Amino acid sequence: MRLDKPVPVQWIAEFIGAEIEGNANGRATGINEIHKVEQGDIAFVDHPKYYDTCINSAATVIIINKDADCPDEKTLLIVDDPFEAYLKLVNHFRPFSPSSKSRSDSSSIGRDSVIMPNGFIGNHVVIGNDCIIHPNVTILDHCVIGNNVIIQAGTVIGSDAFYYNKKTNRDIHYKKMNSCGRVVIEDHVEIGANCTIDRGVSGDTVIGAGTKIDNLVHIGHDTEIGKNCLFAGQVGIAGSTKIEDNVILWGQVGVSKTLTIGKGAVLYAQSGAPASLEGGKTYFGSPAVDAREKMKEFVWIKRIPQLWEKVMGKKAEG
Amino acid sequence: MRLDKPVPVQWIAEFIGAEIEGNANGRATGINEIHKVEQGDIAFVDHPKYYDTCINSAATVIIINKDADCPDEKTLLIVDDPFEAYLKLVNHFRPFSPSSKSRSDSSSIGRDSVIMPNGFIGNHVVIGNDCIIHPNVTILDHCVIGNNVIIQAGTVIGSDAFYYNKKTNRDIHYKKMNSCGRVVIEDHVEIGANCTIDRGVSGDTVIGAGTKIDNLVHIGHDTEIGKNCLFAGQVGIAGSTKIEDNVILWGQVGVSKTLTIGKGAVLYAQSGAPASLEGGKTYFGSPAVDAREKMKEFVWIKRIPQLWEKVMGKKAEG
Amino acid sequence: MRLDKPVPVQWIAEFIGAEIEGNANGRATGINEIHKVEQGDIAFVDHPKYYDTCINSAATVIIINKDADCPDEKTLLIVDDPFEAYLKLVNHFRPFSPSSKSRSDSSSIGRDSVIMPNGFIGNHVVIGNDCIIHPNVTILDHCVIGNNVIIQAGTVIGSDAFYYNKKTNRDIHYKKMNSCGRVVIEDHVEIGANCTIDRGVSGDTVIGAGTKIDNLVHIGHDTEIGKNCLFAGQVGIAGSTKIEDNVILWGQVGVSKTLTIGKGAVLYAQSGAPASLEGGKTYFGSPAVDAREKMKEFVWIKRIPQLWEKVMGKKAEG
């Protein structure tokens, strides 16, 4: 997320009770978790495995639980629990502020857009022109909807990311990473009924122009969907994944997190992608492989009894 | 969809700017896309591959982008873009008319039916007697609900078909085919929570009497479900498919479009039907095959290492 | 379900028109279907296959359609149709009473809990402290929500069980078993958007403390989820299943009914569990097996063509 105005690192250090290392006169212009950092951002790191990655990322201000070498121009803010410090900042700059009304006064709705009854439109939501928002739709704070967008009944835009910090001090439990990102839906997108599109943890979940999404589809946080994609019913896409333009996902396809599905790829129904897939090809199966290879596998499996009989000299019980 | 009264082809031709070929004195009594046409219907065709099918269908009035031989008694209406002409007619005869109220005055609700709070009931919706419509349910225009029907919370009845006209002139993109059909739910049906049932593109999506549907189930446009079927949670059925009576689909089953699942067929959980299946049998797998055959396949796959050792004279690395 | 006060079996016998066998002076303290009975309960049985199980269960009062030996201290109530008699009792002691308001006066909401607009909170619902209930959420009668619980938009808590009595007298059809159980959500649980959690048929569906559930997840009736579990998007769990603590289910996993998933088990995305699984292991596939075994199977399948060539002395067509 972008901050409304640059914030001095001195103020941040005092606010979260941190010791400053490196540049004490800098200013932060945004807050982001490590997958999304840009220059000017505050990021946090609490695991030795990621210290180097975070310190050498684009982030300008790094909240960390260890004294480390600080690159020029950057600022380390040293605290005992960087995750809690990060949450404190998120909650300060983007506090949860529940609306008591179905439509927040700070939302804006464009020319000739129709909002059907019983929906909810949160704080600072922007809806463009010529949209149809069907009944019982929920659009949560800060989400941005383009022009000529149709959102069918019961859909939720901007639900929180499914993103937790695992704690194992005594027992395993999970601490919620509060989401401060947005959902951005571009022009001419259509989203079916009872879908869910999570906001980014700190960045944007994006649905590219012209993409059409069927019912009961789930799109995870920070996922970026290209232009003119087609997703059939009950497709699920996990967080921080990139789906390039013109991808077609048939019914009940699942795509795992932090991977890329290349331009124009087609996944047949119920396929599952645990890893990135090249564009321009057709896939099937879980895990998804080239669809023709998968079809051949089915044929080969049927030939095992014949092999058995030849090798063993007798039939096996089926 | 049926038209309220017969409409002269002369008027239609003028309205969409078409040249008339064949019977100039006919009247149209309905509008349908090619999968659903009945006598009296207006249909459209814009691809040479389907010219003959459409001209020789039951349709009485054919909107087409080519001069062709016109069978006796029929009317061809020749335009540059039949799809746009068809949309113009749909939008004229069944315009999208948003309700600003949660329950439209033109809807009708039968004796002893209970409508729980925060739902939406659209224009011309008919609900029978002794129904329970739970909270936050959306029932969109023209849908018809029988007697003794239960619809659980959050379900959407009559969302638009996921049906687009692919345009490839410059870039791939998709033009929405506006849905003017209905959902018809017969007596003693129960539909679970947060389900979605799409309306027909121009005909009816039908849920047969006595059928019970669990939560988060998706039923596509123009699909016809028989009587006394059972669908467990998260089942998805694509458009224009026919499910005959007494079919049982266990959890997360997917059924593809425009096919038939025969009477009394049972599909085990997570099965996927890419093609029609005979009734009276039990299926498993994706793609779904006879369940016993599938179980045998699992056994055969486990025997491959034994075959390998016999043939190769040594064990393979697993 | 527990009855508000003990009810004499004499009254029950008269109310359902039953003949009394055994203890005519007992009192019932609860009503439960056979999977959930406790001492003091009324249960019913109508199939010879289950007579002994039911009579020898913890139930104190058994509604049955046959004269049978009655154990000491118990009461048999003999009627023609035990299922209908059971339903009559359920409907008497827990009648369906629709609210006309979005929030029932008999519900209670704790300190600092936020209820966002357009939700529904039914009769006798109890919500603890510091909860956030997002817009368009439906919480039905008698459900209990702990402290620090987050329920995201569009979710339905307490929908009816998918549970029917199959009737085959003339034709197959299904008679609804009315649900009188509850959903109990413990502290620090988070439930995603557009999920559905069914109430128990007569007992409780329980979500254990600290468990985090992503969007579009379905949890069946009477299912008990342990503490600190993680369920990713579109997971489906059927009825009366037990998921122990710290179980992780990745996206689109399906778990069948009446089984147990052991503590700390992990199921990879799209896996399906048709039978119980031991804790502490990682599983994959449908049906789910040890994940490493499944991975080896994929390797072995790829070796079939090599075996074929060796055995048959030639390549096969793919």
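The values are calculated or read from the model by the stated rules, or taken from the named source; none is laboratory data. Note that this is a predicted model, so its numbers are computed, not measured. All Cβ positions, even for glycine, are placed from backbone atoms using ideal geometry, and neighbour counts span all protein chains on display.
Tell me, yes or no, whether region C:30-40 has at least one residue that is buried (at least 17 other Cβ atoms within 10 Å of the Cβ) and over 22 Å from the mean Cα position of the chain (by Cα). No. I'm trying to understand the selection: among the residues of region C:181-195, which are at the interface with another protein chain (Cβ under 9 Å from one of its Cβ atoms) and either of a type in the set (A, V, I, L, M, F, W, C) or buried (at least 24 other Cβ atoms within 10 Å of the Cβ) (or both)? Scanning region C:181-195 gives C:GLY192, C:ALA193, C:ASN194, C:CYS195.
Applying a threshold of 6 Å to beta carbon distances and a minimum spacing of six or more residues, or different chains, the list of pairs starting in region B:169-180 at a residue that is free of Cβ contacts under 8 Å to residues at least 60 places away in the same chain and more than 7 Å from every other protein chain (Cβ to nearest Cβ) and ending at one that is among the hydrophobic types (A, V, I, L, M, F, W, C) and surrounded by 14 or more Cβ atoms within 10 Å (Cβ to Cβ) reads B:SER179/B:ALA161; B:SER179/B:VAL201. Selection over region A:232-258 of residues that are among the acidic types (Asp, Glu) and in contact with a helix residue (DSSP H, G or I) (Cβ under 9 Å, 6 or more places away or on another chain) gives a count of 0. Restricting region B:279-310 to residues that are more than 20 Å from A:GLU297 (Cα to Cα) and out of contact with any Gly (no Cβ under 7 Å at 6 or more places or on another chain), the residue that is farthest from the other protein chains (Cβ to nearest Cβ) is B:LYS281.
Just so you know, in region A:52-61 the residues that are of a type in the set (Gly, Ala, Ser) and buried (at least 16 other Cβ atoms within 10 Å of the Cβ) include one that is farthest from A:PHE83 (Cα to Cα), and it is A:SER57.
Apart from one condition, B:PRO6 fits all of (1) loosely packed, with under 14 Cβ neighbours inside 10 Å; (2) touching a Gly at 6+ places or on another chain (Cβ under 8 Å); (3) closer than 23 Å to B:GLY181 by Cα; (4) at pLDDT below 95; the exception is (4).
Being within 9 Å of chain A (Cβ to nearest Cβ) and in contact with an Asp or Glu (Cβ under 8 Å, 6 or more places away or on another chain) is the filter; apply it to region C:149-162 and report the residue that is surrounded by the most Cβ atoms within 10 Å (Cβ to Cβ). The qualifying residue surrounded by the most Cβ atoms within 10 Å (Cβ to Cβ) is C:GLN152. Going through (1) surrounded by fewer than 24 Cβ atoms within 10 Å (Cβ to Cβ); (2) of a type in the set (Asp, Glu); (3) away from chain C (no Cβ under 14 Å) one by one, B:ASP198 falls short only on (1). Scanning region B:243-285 for residues that are within 18 Å of B:ILE207 (Cβ to Cβ) and of a type in the set (D, E, K, R) turns up B:GLU244, B:ASP245, B:LYS257, B:LYS263. Going through (1) surrounded by 15 or more Cβ atoms within 10 Å (Cβ to Cβ); (2) within 30 Å of C:SER240 (Cα to Cα) one by one, C:TRP308 falls short only on (2). Checking each residue in region B:142-177 for being closer than 13 Å to A:GLN152 by Cα and not β-branched (Val, Ile, Thr) picks out B:GLY154, B:GLY158, B:SER159, B:ASP160, B:ALA161, B:PHE162. Among residues of region B:14-25 that are in a loop (DSSP other than H, G, I, E, B), those with a Cβ under 6 angstrom from a residue that is not polar (S, T, N, Q), sequence gap 6+ or separate chain, pair up as B:ALA18/B:LEU77; B:ALA18/B:ILE78; B:ALA18/B:VAL79; B:ASN23/B:GLU73.
Given (1) closer than 15 Å to B:ILE78 by Cα; (2) within 26 Å of the chain's Cα centre (by Cα), where does B:VAL9 come up short, assuming only one miss? Single failed check for B:VAL9: (2).
Among the residues of region A:22-55, those that are farther than 19 Å from A:THR258 by Cβ and of a type in the set (S, T, N, Q) comprise A:ASN23, A:ASN25, A:THR29, A:GLN39.
Take the residues in region C:75-116 that are touching a helix residue (DSSP H, G or I) at 6+ places or on another chain (Cβ under 8 Å) and over 15 Å from C:LYS176 (Cα atoms), then tell me which one is nearest to the other protein chains (Cβ to nearest Cβ). Break it down stepwise before answering.
Restricting attention to region C:75-116, the residues satisfying the condition of being touching a helix residue (DSSP H, G or I) at 6+ places or on another chain (Cβ under 8 Å) are C:75-77, C:79, C:85, C:88-89, C:92.
From what is left, the residues that are over 15 Å from C:LYS176 (Cα atoms) are C:75-77, C:79, C:92.
Values: C:THR75: 33, C:LEU76: 31, C:LEU77: 28, C:VAL79: 24, C:HIS92: 18 Å.
For region C:75-116, the residue satisfying everything is C:HIS92.
Filtering C:LYS49, C:LYS66, C:LYS74 for residues that are crowded, with 16+ Cβ neighbours inside 10 Å, charged (D, E, K, R) and farther than 28 Å from C:LEU140 by Cβ leaves a single hit, C:LYS74. For region A:70-94, residues that are in a loop (DSSP other than H, G, I, E, B) and touching a strand residue (DSSP E or B) at 6+ places or on another chain (Cβ under 9 Å) total 7. Scanning region B:229-248 for residues that are surrounded by fewer than 22 Cβ atoms within 10 Å (Cβ to Cβ) and more than 15 Å from the chain's Cα centre (by Cα) yields a count of 3.
Within region B:106-124, take every residue that is in contact with an Asp or Glu (Cβ under 8 Å, 6 or more places away or on another chain) and small (Gly, Ala, Ser) and give me the one that is surrounded by the most Cβ atoms within 10 Å (Cβ to Cβ). Let's see the steps before the verdict.
Here is the first cut: in region B:106-124, the residues in contact with an Asp or Glu (Cβ under 8 Å, 6 or more places away or on another chain) are B:110-113, B:122-124.
With small (Gly, Ala, Ser) added as a condition, the list becomes B:110, B:113, B:122.
Working: B:GLY110: 15, B:SER113: 17, B:GLY122: 26.
That would be B:GLY122.
Look at (1) of a type in the set (A, V, I, L, M, F, W, C); (2) surrounded by fewer than 16 Cβ atoms within 10 Å (Cβ to Cβ); (3) in contact with a helix residue (DSSP H, G or I) (Cβ under 9 Å, 6 or more places away or on another chain) and you find that C:VAL299 fails only one, number (3). Say whether the condition of being closer than 19 Å to C:ILE219 by Cβ, away from chain A (no Cβ under 14 Å) and of a type in the set (Ser, Thr, Tyr) is met by at least one residue in region C:126-148. The answer is no; no qualifying residue exists. Restricting region B:264-278 to residues that are of a type in the set (Gly, Ala, Ser), part of a loop (DSSP other than H, G, I, E, B) and within 14 Å of chain C (Cβ to nearest Cβ) leaves a set whose member that is farthest from the chain's Cα centre (by Cα) is B:ALA269.
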